[in-house]
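The values are calculated or read from the model by the stated rules, or taken from the named source; none is laboratory data. Since the model is a prediction, treat every value here as computed from it, not as a measurement. Glycine gets a Cβ as well: all are built from the backbone with ideal geometry, and neighbour counts include every protein chain shown.
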Amino acid sequence: MSELIAIDQGTTSTRTVAFDKDLNIMHSEQKEYPLIYPNDGWVEIEPKELMRSIYATIDPVLDACSDVSAIGITNQRETTLVWDADSGEPIYNAIVWQDRRTADQCMQLKRNGHEEAIKKATGLLLDPYFSSTKISWILDNVAGARNKANAGKLRFGTVDTYLMWQLTDGNIYKTDVTNASRTNLYNIHLNQWDPELLKIFNIPSSMLPEVHSSDSNYGTLIRGDKSIQITGVIGDQQSALVGQRCFQSGQMKATFGTGCFLMVNTGDESLQSTSGLLSTLGYGLSGNISHALEGSIFSAGTIIQWLRDNMEFFSDSAHSIDLLDVKGESNGVLFIPGFTGIGAPHWNAEIRAGFYGITRDSTKQDMVTAAFKSLIYQVMDIREALKVDGIEVKHLSIDGGMAANTSFCQLLADFLGQEVHVPSSLESTAIGAAITAGIGANVFSIDDLQKTHSGSATIYHPRDSVFDQKDLTEWRKLLRLLLDAYN
């Protein structure tokens, strides 16, 4: 049986999954690795650990497959690597998308009047989230890096580019339009690296990979006795958009993974948000580029991991459901999820996480429930921002690890006052990579995928008298106080 392989390279783990042509999972391997926190707001990955997780998952899956049609890669976006063009050795750890070390640089660029030009060209805001200032930081803080870059001896890549370089001994140096669109260096209207932006961020063009459509043939991966074409590359949130078959303008998904990302397909139109959302590229498939609006929440699954590992409130993330009050009652305890700042629609890199309203009677359950509610409140804020931009959310389709928590899904429906749909498979990101590769290898067409998309979904209907407007008002008041304090 012929299979499609998806490499799903996430923030804290790598999964490699083999699908059959009906997109059923045939084989799957996962390998976690640690994040590094050298300073307040800094988040890094050791590149060798990253590659070890790739090899530990791809090799057993390939060994289990007899006939692989193609490989697709999906990856954490914005995470930045810079390496030596000759040796392939990174000159610094991978700087993760959550990292906030360049907040001061972003503020200086804003004061210098560059934000509007950046927003107009890229659809993005001027924020440490994106790759551009991460590259600049490495060039300015690693000994000799700036001189080597100017001499054309360094290469930059998001994780997809780095993986393809390493897996092919430097034979592939490419990225796709979705990953390029998250760097703050790519003009999403002209579909090219933007010379003006490179000048603003002081980055040589020689450092940048070729940009291709998501479903291009990127080249050949050889592992053991297998030679396989890589025919799909796509950023993880865009991959989930594809995985949920959001091919029509107005279709929307939310992925609850390490962070939470809401994305709506806007078709051929690049909508410029007036409410703090991001305009980005949704995918490049079958000769067309689709645009999207996105709301980014920096901390979602990381909050649950923190409650598990640092607070030791439960031994397994799945057990968090036991400490989540079924009606969302946290007895006045509020949580601000600002481990690495706050994303859309508020965009503040300095704010930090904290509990408020703790009394002598507060319990673990109150704190865990408050943490889950903070995620729902952020989704509600993004929904309000979408309304301002003229997009009405009729129901929300969600995926990712947290979508397995039935109590959380029910509370999300209760608080939104809308249906929440959870697909039968929560692996939308990996499925999207397989679909992208399958389109690139002529296994699928978008029309066929839309016609055959009949996967069952669990639908959560909102319950009456569960949502507490007063609690949301207090949470927003607390968040505003903190935002004002850090502005």
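Given Thr57, Thr16, which one is crowded, with 19+ Cβ neighbours inside 10 Å, free of Cβ contacts under 8 Å to residues at least 60 places away in the same chain and outside any strand (DSSP E or B)?
On the way: Thr16 fails: outside any strand (DSSP E or B).
Selected residue: Thr57, the only one of Thr57, Thr16 that is crowded, with 19+ Cβ neighbours inside 10 Å, free of Cβ contacts under 8 Å to residues at least 60 places away in the same chain and outside any strand (DSSP E or B).
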- Item | Residues that are in contact with a strand residue (DSSP E or B) (Cβ under 6 Å, 6 or more places away or on another chain), of a type in the set (S, T, N, Q) and modelled with pLDDT under 90, drawn from the range 280-301 | Ser296, Ser299
- Hey, could you check the range 71-92 for residues that are over 14 Å from the mean Cα position of the chain (by Cα) and charged (D, E, K, R) and say which is farthest from Ser131 (Cα to Cα)? Asp86
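Report the residue count in the range 166-201 for those that are aliphatic (A, V, I, L, M), assigned to a loop (DSSP other than H, G, I, E, B) and crowded, with 20+ Cβ neighbours inside 10 Å.
Within the range 166-201, the subset aliphatic (A, V, I, L, M) is 167, 172, 177, 180, 185, 188, 190, 197-198, 200.
Those left that are additionally assigned to a loop (DSSP other than H, G, I, E, B): 172, 185, 188, 190.
Keeping just the survivors that are crowded, with 20+ Cβ neighbours inside 10 Å gives 172, 185, 188.
Matching residues across the range 166-201 total 3.
Which of the residues belonging to the range 19-45 are β-branched (Val, Ile, Thr), within 13 Å of Gln98 (Cα to Cα) and either surrounded by fewer than 19 Cβ atoms within 10 Å (Cβ to Cβ) or in contact with a Cys (Cβ under 6 Å, 6 or more places away or on another chain) (or both)? Quick ask: steps written out before the conclusion?
Our first condition is that a residue be β-branched (Val, Ile, Thr); within the range 19-45, this holds for 25, 36, 43, 45.
This time we only want the ones that are within 13 Å of Gln98 (Cα to Cα), so: 36, 43, 45.
Correct list: Ile36 only.
Which ones in the range 120-161 are surrounded by 14 or more Cβ atoms within 10 Å (Cβ to Cβ) and either among the acidic types (Asp, Glu) or free of Cβ contacts under 8 Å to residues at least 24 places away in the same chain (or both)? Let's see the steps before the verdict.
From the range 120-161, those surrounded by 14 or more Cβ atoms within 10 Å (Cβ to Cβ) are 121-139, 142, 145-146, 148-150, 153-161; that's our starting set.
Within the range 120-161, Asp127, Arg146, Asp160 meet the criteria.
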- Task: Quickly run through the range 320-337 and pick out the residues that are in a helix (DSSP H, G or I) and either without any contact (Cβ under 8 Å) to a residue 60 or more places away in the chain or of a type outside the set (A, V, I, L, M) (or both).
- Result: Ser320, Asp322, Leu323
- Query: Tell me, which residue of the range 61-88 that is loosely packed, with under 15 Cβ neighbours inside 10 Å and not acidic (Asp, Glu) is farthest from Ala430 (Cα to Cα)?
  - Reply: Ser87
- Note on the structure: Checked the range 271-296 for anything touching a Pro at 6+ places or on another chain (Cβ under 8 Å) and either within 16 Å of Gly243 (Cβ to Cβ) or in a strand (DSSP E or B) (or both); matches are Gly295
- Task: Could you please find all residues in the range 80-120 being assigned to a helix (DSSP H, G or I) and either of a type in the set (D, E, K, R) or in contact with a His (Cβ under 7 Å, 6 or more places away or on another chain) (or both)?
- Result: Asp104, Lys110, Arg111, Glu115, Glu116, Lys119, Lys120
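Consider Glu269 carefully, then state whether it is without any contact (Cβ under 8 Å) to a residue 12 or more places away in the chain, farther than 16 Å from Asn75 by Cα and surrounded by fewer than 24 Cβ atoms within 10 Å (Cβ to Cβ). Reasoning before the result, please.
Details: without any contact (Cβ under 8 Å) to a residue 12 or more places away in the chain: no; farther than 16 Å from Asn75 by Cα: yes; surrounded by fewer than 24 Cβ atoms within 10 Å (Cβ to Cβ): yes.
No.
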